[in-house]
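Working notes, beginning with the structure itself.
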Amino acid sequence: MNRCAIVEDLLPLYVDNLLQEETKQWVEEHLPQCPSCQTALAQMEEVITVDLPNPNEEAAKTIKKVTRQMKRYEFILVTLAFLLAMRTTIIPELTFNGLWAYALLGGLLYAFYRTWLPPIVLSFVPSFLYYVQDDFGDASFTEIIISVASMGTIYTLLSLIGAFIAYAWIQALQKEEQR
Ligand SMILES: [Zn+2]
């Protein structure tokens, strides 16, 4: 029997990884020796990638559109959030509003950038800058750095909480879109 004909019949199953281990090995033994079956396999893989319907495509499109709209306001909103964060940092105590501002900052930044770095950097840097010029008396350099860094960390954590809420929200929206 023509081995190529059998291999070609098996290729759809092979591509979908549905063959028994033994059959799979048999196909794999044949492939390197046979350019025509290799071509058939390549074509099949191509067709599968092209034809595969993407259920997320619509959702991705919607999200892209929303992201594009958000990008337009991104600079203004991020600047506002940053200023808000700076202002709250300058208010000495961690007031409830202050917590809010940082969570909001983190949430906005995450929603815009979809990564965790901006919420971390943009909350750590302003609080760090603010506290580093504080009067530390005769504290040593290490003490100053630790104290400033821990203040920065508190704000960063708050910002990350906001970012996480945004993350969870975006995930939920995406799931909703996929339905
Ligand atoms: Zn062949």
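Scaled against the 2.2 N^0.38 Å expected of a compact globular protein of N residues, the Cα radius of gyration of the range 3-51 reads 1.05.
The packing ranking, built from the mean of other Cβ atoms within 10 Å per residue, places the peptides 12-25, 143-156 in the order 143-156, 12-25, highest first. Annotation: peptides 36-47, 159-170, ranked by per-residue average of other Cβ atoms within 10 Å with the highest first, follow the order 159-170, 36-47. When the Cα atoms of the range 118-161 are aligned to their principal axes, the ranges along those axes come out at 34, 13, 11 Å in descending order.
Read the figures in this text as sums done on the coordinates, not as results from a lab. Predicted model, so just to flag it, every value in this text is computed and none were measured. So basically every Cβ, Gly included, is an ideal-geometry build from the backbone, and we count neighbours across all protein chains shown.
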